[in-house]
Structures are given as C-alpha cells and as structure tokens.
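> I'd like to ask you about the structure that follows.
The values are calculated or read from the model by the stated rules, or taken from the named source; none is laboratory data. None of the values given here were measured: they were computed from a predicted structure. Quick reminder, even Gly has a Cβ in these numbers, built from the backbone with ideal geometry, and neighbours come from all protein chains shown.
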Amino acid sequence: MRIGCLVVAALLTGAPLQTPPVQTPPAQNPPPAVPPAPAPPSPLQPQPAVSFEDWLAALKVEARTKGISDATFDAAFAGVQPNPLVISRDRAQPELTRSLDEYVAGMMSAKRIAGGGEAAVRAKATLAKVEDTYGVSAPMMVAIWGLESNYGELTGTYSTIASLATLAYDARRPVLFRGELFEALRILEKGLVTPDKFLGSWAGAIGQPQFMPSSFLKHAVDFDGDGKIDIWNSEADVLASMAQYLSAAGWVRGERWGREVRITQTVMDAIDRQVPMRTSGCRSIRDMTKPQSLERWRTLGVKLTDGSPLPVADINASLVRGVKRHFLVYRNYETLLAYNCSNAYAIAAGLMSDEFTSPKATTR
Ligand SMILES: [Ca+2]
C-alpha cells in the first residue's frame with residue numbers, strides 16, 4: 001500500500017490516510033500484493049541524475065533483454081512523461097498520528113459496512129464458488145474488496161506505466177519500481193491488457209484487488225473462464241485473484257483471523273514482562289508478540305471483550321495492541337499482512353469480515 005492500498009483506498013474514498021509500514025513478508029509468503037510505504041520525506045530530496053529521455057533509452061535496452069519487444073515498449077511509452085502528481089503524492093507528509101484504534105474506526109464506517117453487505121449479496125454465488133476453491137472465507141474477501149477498491153467502485157485512473165515510470169525514474173526507490181515497471185511491460189507484452197486500459201493508483205496498483213504488477217502476474221486468475229484475466233471488471237476474476245493471493249500466503253480454510261480481547265493494565269504489564277515481541281519482518285510484524293498458545297493467554301488473564309474466558313482450542317495466537325483495543329490474531333491474520341503489511345489494515349479487514357455473513361461457518 002502505500003504506496004499502497006491504504007493510502008490508495010483512502011485517497012480514492014476520502015477515508016483517513018494511514019501510513020503503511022515497509023512490507024517485508026515472511027520468507028515463505030509471496031511478495032506483498034501492494035507496494036511498500038515511502039520513506040519519510042527528507043529535506044534533501046534525491047534528484048534523478050539523467051534526463052528522462054536518456055533514462056528511457058537505457059530502460060528500452062534493458063527491456064529487450066527481458067523479452068519486451070520494441071513494439072510493446074513504444075506503445076506503452078507513447079506520450080509518457082514523469083507525472084508530477086505522482087511525485088507529490090509519494091512525497092506527501094504521511095499522517096503518522098492516527099492510532100490503530102482511530103484508523104480502524106475510520107475505515108469501518110456504516111457506509112462501508114453497508115456497501116459490503118450489498119456487495120456480498122450481489123456476488124453471493126461467486127463468493128461461494130471462490131471460497132470452495134481457495135478456502136478463503138467470503139466475508140474476508142468482501143472486507144478486502146472494500147478496503148482496496150470500495151467493492152470495485154474505485155480502481156484508480158492513473159496510467160500505470162506513467163506512474164511506475166515516474167517512480168522508477170525518481171531517485172527514492174528506483175529499484176523497487178523499476179522492477180514493477182518491467183513486470184507491467186510483461187503484462188502488456190503478454191497482451192493481458194492494452195495500454196489505454198492499463199490504469200490504476202498513482203503508485204501503480206491495479207484493478208479491484210489493487211495488485212502491483214508482480215502480484216498480478218503471480219496471482220491473478222481467470223475464474224469466470226472467459227479466457228482472459230480481468231481484475232478490473234470481472235468480479236469472479238477479482239475475488240478469485242485476491243483469494244489466490246491469500247491462499248498462497250498460507251490461509252487456512254475454516255479458521256478465524258483472530259478476535260478482539262480485553263486486557264487490563266495489570267495483565268498487560270505481565271505480558272510486557274513475559275511475552276517476547278517478534279524481531280524480524282516488517283514494522284507491523286515487529287509490533288506483534290511471538291505466537292503463544294491460547295492456554296498461555298488464558299493463564300496470563302486475557303479475556304474476551306465480554307469478560308468471559310478465551311475459548312479452549314489448540315491454536316497459537318499473537319497479540320496486536322492498539323491504544324484501548326487489543327487483538328489476538330491467528331495465522332490467517334498473517335496472510336493479511338502478506339497482502340499489506342499494516343496492522344491497521346489487517347485489523348480493519350478482520351473486524352469488517354466479522355460484519356458480513358458467510359455461506360460457510362468458521363470455527364475458533
Ligand atoms: Ca476472466
């Protein structure tokens with residue numbers, strides 16, 4: 001995201017901005033669906049050392065070595081210049097002051113929840129079929145759909161090639177975006193989309209799942225069987241592609257994402273003394289404890305929000321702390337962080353998913 005889906009969704013929907021942390025998924029997971037956050041603005045912004053024209057000429061030479069034809073390259077870059085709006089969005093001072101609690105509350109507006117209910121009804125048959133195939137719960141697919149593109153309503157109007165070229169030419173994160181730009185050219189080379197329809201967020205995220213081009217090539221699927229992958233218009237392709245991503249990241253069929261819990265200050269103090277934090281992964285992963293058994297959390301005094309005991313289940317959970325709201329999360333939660341490594345995003349997705357009914361009951 002964030003450049004990624006949170007910011008994209010926020011920009012597209014007018015929702016509050018939240019800065020995502022740099023995404024470094026666990027080694028066994030696929031690359032994040034969405035790109036990492038920009039570094040904080042610096043008073044000394046690096047500037048490209050060569051003209052855009054010279055840069056483009058070198059890019060073309062390298063593209064040939066990657067199997068991109070000159071015809072594809074020339075069609076992709078016809079009329080493309082660096083887009084100053086992309087740079088200004090990338091360098092906008094991120095909102096760093098919103099807490100997880102505030103972010104989640106902002107994302108879970110009554111309007112967005114109602115929209116999800118309508119989308120779930122509209123796509124009910126497709127959701128059931130995708131859930132059968134990939135195991136990802138329909139409510140979670142609906143939640144991510146809502147966070148990424150407001151259920152398909154907002155997928156972005158920026159030229160993907162121009163956005164990625166702008167960010168690859170820019171000196172801040174050229175390696176990441178140069179790689180994504182070549183992936184975008186591969187999408188064109190394969191004829192999966194035409195340049196005029198190749199539109200997305202200012203950061204290069206495309207379609208209703210807001211995939212980066214590399215994620216599109218790895219995870220997007222033709223689920224409606226019409227012979228082409230269309231994550232812009234086909235709800236079947238959109239939902240199946242998102243589910244394919246989560247499945248590849250390790251989603252476990254029939255298991256919850258996690259749940260909100262009640263933790264008193266005394267219990268939190270004990271957790272601070274006794275439960276170690278994680279030490280690797282993106283910032284949001286390092287903000288989580290190491291997994292502990294539910295029994296251990298029960299013993300420490302963690303309770304459900306209504307004050308009743310945690311369920312008895314042979315499963316490990318990690319603690320995600322907000323300001324006043326706290327959550328025990330299971331391994332399916334980690335697939336959400338693979339999609340977008342932001343606890344605010346993943347908690348919002350989890351809580352939103354709980355608002356929607358599933359054709360399949362989940363346990364634990
Ligand atoms: Ca299709």
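> Can you list the helices (runs of 4 or more DSSP H) found entirely within the stretch 167-282 that contain at least 2 residues being within 16 Å of the ligand (Cβ to nearest atom)?
213-219, 235-248
> What number of residues within the stretch 315-350 satisfy the criterion of being assigned to a loop (DSSP other than H, G, I, E, B) and buried (at least 24 other Cβ atoms within 10 Å of the Cβ)? Outline the logic, then answer.
Taking the stretch 315-350 and keeping what is assigned to a loop (DSSP other than H, G, I, E, B), we get 315, 322-325, 330, 340-342.
Filter once more, so that each one left must be buried (at least 24 other Cβ atoms within 10 Å of the Cβ): 340-342.
Counting residues in the stretch 315-350 that are assigned to a loop (DSSP other than H, G, I, E, B) and buried (at least 24 other Cβ atoms within 10 Å of the Cβ) gives 3.
> Mind checking which pairs have a first residue in the stretch 221-243 that is touching a residue at least 40 places away in the same chain (Cβ under 8 Å) and within 16 Å of Thr194 (Cα to Cα) and a second that is small (Gly, Ala, Ser) and more than 9 Å from the ligand (Cβ to nearest atom), Cβ under 6 Å, 6 or more apart or different chains?
Trp232/Gly207
> Has the stretch 164-171 got at least one residue that is touching a Gly at 6+ places or on another chain (Cβ under 8 Å) and charged (D, E, K, R)?
Within the stretch 164-171, not a single residue is touching a Gly at 6+ places or on another chain (Cβ under 8 Å) and charged (D, E, K, R).
> Select from the stretch 281-299 the residues that are more than 22 Å from the chain's Cα centre (by Cα) and among the β-branched types (Val, Ile, Thr) and list them in ascending order.
Thr299
> Consider only pairs whose beta carbons are under 7 Å apart and that are at least six residues apart or on different chains; among these, list those whose first residue lies in the stretch 168-191 and is among the β-branched types (Val, Ile, Thr) and whose second residue is in a helix (DSSP H, G or I).
From the stretch 168-191, the pairs are Ile187/Pro213; Ile187/Phe216; Ile187/Leu217.
Residue-wise test of (1) at pLDDT below 90; (2) under 28 Å from Pro209 (Cβ atoms).
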{"site": "Pro32", "(1), (2)": "yes, yes"}
{"site": "Ala39", "(1), (2)": "yes, yes"}
{"site": "Asp54", "(1), (2)": "no, no"}
{"site": "Ile68", "(1), (2)": "no, yes"}
{"site": "Val86", "(1), (2)": "no, yes"}
{"site": "Arg112", "(1), (2)": "no, yes"}
{"site": "Ala120", "(1), (2)": "no, yes"}
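> Also, I was wondering about something else. Pick from Ser149, Ser137: which is buried (at least 24 other Cβ atoms within 10 Å of the Cβ), small (Gly, Ala, Ser), touching an Asp or Glu at 6+ places or on another chain (Cβ under 7 Å) and modelled with pLDDT of 95 or more? Working first, answer last.
Numbers: Ser149 fails: touching an Asp or Glu at 6+ places or on another chain (Cβ under 7 Å).
Answer to the selection: Ser137.
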